[in-house]
């Protein structure tokens, strides 16, 4: 009996197709990996930019919100005057507070 070459050709064709599929999938995965790495680098750059912007905004806020800056703007632009006299101090008798509390308690009981 003579062996035909058809099974060998079929086997070689299947092996060639499998090898081609593996090579193409490897190339596709490599392209996808490189794309993801590129996206990661871009996002890292954006993150660094955002952090730098945040630091500059915090520094600007601190410069504007300092007491000296606020007092200067209040006095020069708004025409406000700093208080030179001490605050008003209110003294209340403890007995008066106790008496009012008793009246309120009697009212709501």
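Might you let me know whether the stretch 86-94 holds any residue that is in a helix (DSSP H, G or I) and either touching a strand residue (DSSP E or B) at 6+ places or on another chain (Cβ under 6 Å) or more than 28 Å from residue 60 (Cα to Cα) (or both)? It would help to see each step written out before you state the result.
Just the residues of the stretch 86-94 that are in a helix (DSSP H, G or I), to begin with: 94.
From the residues that got through so far, the ones that are either touching a strand residue (DSSP E or B) at 6+ places or on another chain (Cβ under 6 Å) or more than 28 Å from residue 60 (Cα to Cα) (or both) too are 94.
Checked against the condition, which is being in a helix (DSSP H, G or I) and either touching a strand residue (DSSP E or B) at 6+ places or on another chain (Cβ under 6 Å) or more than 28 Å from residue 60 (Cα to Cα) (or both), the stretch 86-94 yields at least one hit.
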Exercise for review: Scan 54, 45, 107 and give me the residue that is surrounded by fewer than 10 Cβ atoms within 10 Å (Cβ to Cβ) and either in a helix (DSSP H, G or I) or modelled with pLDDT under 90 (or both).
Suggested key: 107
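The values are calculated or read from the model by the stated rules, or taken from the named source; none is laboratory data. Just so you know, these numbers come straight off a predicted model, no measurement behind them. FYI the Cβ positions are ideal-geometry reconstructions off the backbone, even for glycines, and counts take in every protein chain you see.
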